[in-house]
Amino acid sequence: MSSLAKEKHIPGEAGIWVFVFGDMCIFGLFFVTFAYYRSFDLDLFQQSQLQLNQNWGALNTVLLLTSSWFVVMGMSAVRKGLRSLARKCLSLAWLCGLGFGIVKVFEYGEKIEHGITLTTNDFFMYYYIFTGIHFLHLIIGMAVLAYMILRLRHNNPLANDLALLESGATYWHMVDLLWIILFSLLYLIK
């Protein structure tokens with residue numbers, strides 16, 4: 001019975017899953033709203049999409065996918081009691097998140113330099129709002145990763161460390177998933 005219970009373990013605290021579900025529902029509404037308004041002015045949305053730098057978007061996708069891989073490796077190390085390796089993996093994930101932020105700042109700068117702002121048209125209004133909200137999620141996620149790294153410095157792990165660390169990892173994976181959807185929706189869908 002004990003091994004069966006371990007197989008059915010849901011990572012993290014229940015509250016993180018409530019949060020993730022709620023956040024995904026809100027973003028789902030954002031995506032439906034975008035698709036709805038896109039259907040009214042497909043030409044404008046497609047022409048505006050061509051002004052996005054797919055290379056920046058692809059680089060950011062690679063950075064976040066890599067960061068999620070480091071989080072997975074870090075959590076695997078935690079479960080094996082390898083706290084030092086876990087810290088290193090989570091630190092690399094944090095650095096990938098920082099890289100994402102730097103690339104996004106360059107991308108925003110490129111748009112603004114060309115006179116493309118939140119008020120340019122409906123597409124760019126959605127672009128800035130959705131990627132801006134995601135950017136806020138990224139910053140929060142980087143703070144969570146930093147806390148996880150600091151938590152792993154303690155030699156004597158607390159009983160709830162695993163659930164706490166799994167909750168942080170779950171949040172980071174949500175940030176990654178949201179970006180994959182945003183990248184597809186804003187940069188790729190024709």
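The values are calculated or read from the model by the stated rules, or taken from the named source; none is laboratory data. From a predicted model like this one, the values you see are computed outputs, not experimental measurements. Backbone-built Cβ (ideal geometry, glycine too); neighbour counts: all protein chains shown.
Among the criteria (1) touching a Pro at 6+ places or on another chain (Cβ under 9 Å); (2) small (Gly, Ala, Ser); (3) assigned to a helix (DSSP H, G or I), the one Gly81 does not fulfil is (3).
Of all the residues in the stretch 149-190, those that are among the small types (Gly, Ala, Ser) and modelled with pLDDT under 90 number 2. Looking at the stretch 98-108, can you tell me whether even one residue there is within 17 Å of Phe31 (Cα to Cα), surrounded by fewer than 21 Cβ atoms within 10 Å (Cβ to Cβ) and touching a residue at least 40 places away in the same chain (Cβ under 8 Å)? Within the stretch 98-108, none of the residues are within 17 Å of Phe31 (Cα to Cα), surrounded by fewer than 21 Cβ atoms within 10 Å (Cβ to Cβ) and touching a residue at least 40 places away in the same chain (Cβ under 8 Å). Quick check on Ser91: is it among the polar types (S, T, N, Q), closer than 20 Å to Phe19 by Cβ and part of a helix (DSSP H, G or I)? Answer is no for this residue.
Exactly one residue among Ser68, Ser84 is buried (at least 18 other Cβ atoms within 10 Å of the Cβ) and among the polar types (S, T, N, Q), and that residue is Ser68. Answer yes if at least one residue in the stretch 135-152 is surrounded by fewer than 16 Cβ atoms within 10 Å (Cβ to Cβ) and β-branched (Val, Ile, Thr), and no otherwise. Among the residues of the stretch 135-152, at least one is surrounded by fewer than 16 Cβ atoms within 10 Å (Cβ to Cβ) and β-branched (Val, Ile, Thr), which makes the answer yes.
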